[in-house]
Amino acid sequence: MGSGRHWIVSWERWRIQADRPLTSQTRGYVPMEDSFTTIADLLFCPDDGASLQYFSGQFQCTSCSRRFPLREENLLEILPRSPCELPGSVVSSYREAYLRAFDETYCSDEPALAWGAEETVSGSWARKRRRQVAMVRQVITEGSTPNETVRCDISAGAGYYTFSYAHSFRLVFHCDLSVQNLNYSRRKARSLGIQNIFFLRADYFALPFQQSLDRILCTDTLIRGEEHDRMLLSVIARSLKPSGCAVIDLHNWWHNPLRRLGVLPENFFQNRSYSNREARILLKLAGVHRYEVFSFHQEFESGRIEWPLLAQFLPATRFLFRFGSSKRYSCGK
């Protein structure tokens, strides 16, 4: 466990789930039973880390007295006073996009479309995402209890994972900085009849959690460089309960080495991918020492009989790591 158990994802139940829709079509989940007071018990001030209390439609820090208003009936804006100082290694395009998103004023926008929304992607892209959503389901829901466990999706975007697993948890925090993404995902949740999701407009470098979450999911986000990724991993570990666990993914450098070396056209511009060894070093630098590793191959259709054999020889598209908040945590237990 110390160096990470490694699993090849080829279990039959994952292959079956890969054929399901990107989001659950089930309507009428049990309405959110968590009151704002209960939700406040899970949240902390993004500026000083103090606890929050709820009254008169606002969440207030018990230390600095700063107030965070509800923008919608299920959306709280809980940003730090100022944007995070990004590492110098972060590319300028990401830095500029981050600052624009941070400074954006929240407003309701019904026609908004999130990045990667089903309405905007190709069938091929959607199939690959469906496979990963199905695979991650088993990793993130293992050991969870629908009426007890609280999950947070970081940089949750269009909500593929948020919606697909919502019924497996008591409460789901859908966190994103983008106003456009939040508008889209709230509309989508409403159309699906999912009522146990609480949306947070939050900066993932200043998440409003302190050892208060049972599960954290972060995909398609740890791609901005080692310093950026190490910082975010540290925030994730800090946000987990001692008994909690997080699932994150890292792109495998060896999946497309010819593109990375410039022999073929690059399709992962200015983003970071990792070899298995580099990924483990990254986690160690972030203070994560105990974890499990799951390999994900996006190319294979579910149910192909050659899949278990070929998966042993072809490079994974991504590595998924599941880890806890401390060295004593036993992942998957």
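At-a-glance table
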read-out: Wholly enclosed strands (runs of 3 or more DSSP E) of the range 1-70 bearing at least 3 residues at pLDDT 50 or above; value: 52-55, 58-61
read-out: Residue check, residue 112 in a loop (DSSP other than H, G, I, E, B), of a type outside the set (D, E, K, R) and under 22 Å from the mean Cα position of the chain (by Cα); value: yes
read-out: Which listed residue, of 132, 138, is assigned to a helix (DSSP H, G or I), surrounded by fewer than 17 Cβ atoms within 10 Å (Cβ to Cβ) and of a type outside the set (A, V, I, L, M); value: 138
read-out: Residue check for residue 211: modelled with pLDDT of 95 or more and not in a helix (DSSP H, G or I); value: yes
read-out: Scope the range 147-169; condition crowded, with 19+ Cβ neighbours inside 10 Å and touching a Pro at 6+ places or on another chain (Cβ under 7 Å); matching residues; value: 169
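The values are calculated or read from the model by the stated rules, or taken from the named source; none is laboratory data. What you see is a predicted model, and the numbers here were worked out from it, not measured in a lab. Note that we place each Cβ from the backbone using ideal geometry, even for glycine, and neighbour counts take in every protein chain shown.
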